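The structure appears below as structure tokens.
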Amino acid sequence: MFFHSRLLIYQNNPFYFLVGDELELTTETKTIGECPDWNSRWILQMYNQDILNSVKEQKIICGGYMCGSREGISKLCELIIEESKRYPKTQPGYPPIFVDQAAMNVFYKQGKLPSTTLHPTGGSFVATIGSSLGTTKLDEEGFLVTQEGIRPAVVHQYDRHPQLTEAFNKRLSTS
């Protein structure tokens, strides 16, 4: 199996790896405090230093790929929509005031999310590779694998790496 969207490659069926909680989210490799240019800044812009201090040791929960029950996803959407109403709309070209990923990380810390499983990046479920390939590589068949030889079902943010985009497009054209 090998399917893709703009920033997701499906190398296997992700539903094999779900545990059945209302929300199943993935974490990135860094903590919020280790990401001052993005996640820390977003939380500081939206909330305040006290909120940032309360979440800075937490692994970043990625807003780019999530699964869950209909009820769990609906609850999360309702929370995000309600929270977004607190923030004014920005003008084109200005930085966003409301970022769903930042809100979701705060919600998790505050216990507002329904029953949630956090899947670490790089396991069998999802590899979020963002700005770094980390210890991943392409195997001889053109699949992304971890250093341990694990082939994650989903590769998130592959499109930020031209060599992966090229390899995956080649693989798609031959499958």
(message) Among the residues in the range 82-90, are any loosely packed, with under 14 Cβ neighbours inside 10 Å, charged (D, E, K, R) and modelled with pLDDT of 90 or more?
(response) yes
(message) Please verify whether Asn169 is of a type outside the set (D, E, K, R), out of contact with any His (no Cβ under 7 Å at 6 or more places or on another chain) and surrounded by 14 or more Cβ atoms within 10 Å (Cβ to Cβ), treating the condition exactly as stated.
(response) no
(message) So for the range 39-57 (the condition being assigned by TED's automatic domain parsing to the domain that holds Tyr87, under 12 Å from the mean Cα position of the chain (by Cα), of a type in the set (Lys, Arg) and buried (at least 16 other Cβ atoms within 10 Å of the Cβ)), does at least one residue qualify?
(response) no
(request) Please specify each residue of the range 122-137 satisfying the condition of being closer than 16 Å to Gly149 by Cα and out of contact with any His (no Cβ under 8 Å at 6 or more places or on another chain). (result) Gly122, Gly123, Ser124, Gly134, Thr135, Thr136, Lys137
(message) Can you confirm whether Phe168 is among the aromatic types (Phe, Trp, Tyr), in contact with a strand residue (DSSP E or B) (Cβ under 7 Å, 6 or more places away or on another chain) and not assigned by TED's automatic domain parsing to the domain that holds Cys67?
(response) yes
(request) Mind listing whichever residues of the range 41-81 are farther than 22 Å from Thr121 by Cβ, of a type in the set (Val, Ile, Thr) and in contact with a helix residue (DSSP H, G or I) (Cβ under 7 Å, 6 or more places away or on another chain)? (result) Ile51
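Can you tell me which residue within the range 129-142, out of those that are under 20 Å from the mean Cα position of the chain (by Cα) and closer than 13 Å to Gln11 by Cβ, is surrounded by the fewest Cβ atoms within 10 Å (Cβ to Cβ)?
Thr136
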(request) Hey, could you check the range 143-165 for residues that are in a loop (DSSP other than H, G, I, E, B) and in contact with a Leu (Cβ under 8 Å, 6 or more places away or on another chain) and say which is farthest from Tyr10 (Cα to Cα)? (result) His161
(request) Please indicate, with yes or no, whether at least one residue in the range 73-81 is basic (Lys, Arg) and either modelled with pLDDT of 85 or more or surrounded by 13 or more Cβ atoms within 10 Å (Cβ to Cβ) (or both). (result) yes
(message) Show the residue pairs meeting these rules: Cβ distance below 9 Å; 6+ apart or different chains; first residue within the range 125-142 and in a strand (DSSP E or B); second residue of a type in the set (D, E, K, R) and surrounded by 12 or more Cβ atoms within 10 Å (Cβ to Cβ).
(response) Thr128/Glu28
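The values are calculated or read from the model by the stated rules, or taken from the named source; none is laboratory data. Since the model is a prediction, treat every value here as computed from it, not as a measurement. As a convention, Cβ positions derive from the backbone with ideal geometry for all residues, glycine included, and neighbour counts pool all protein chains shown.
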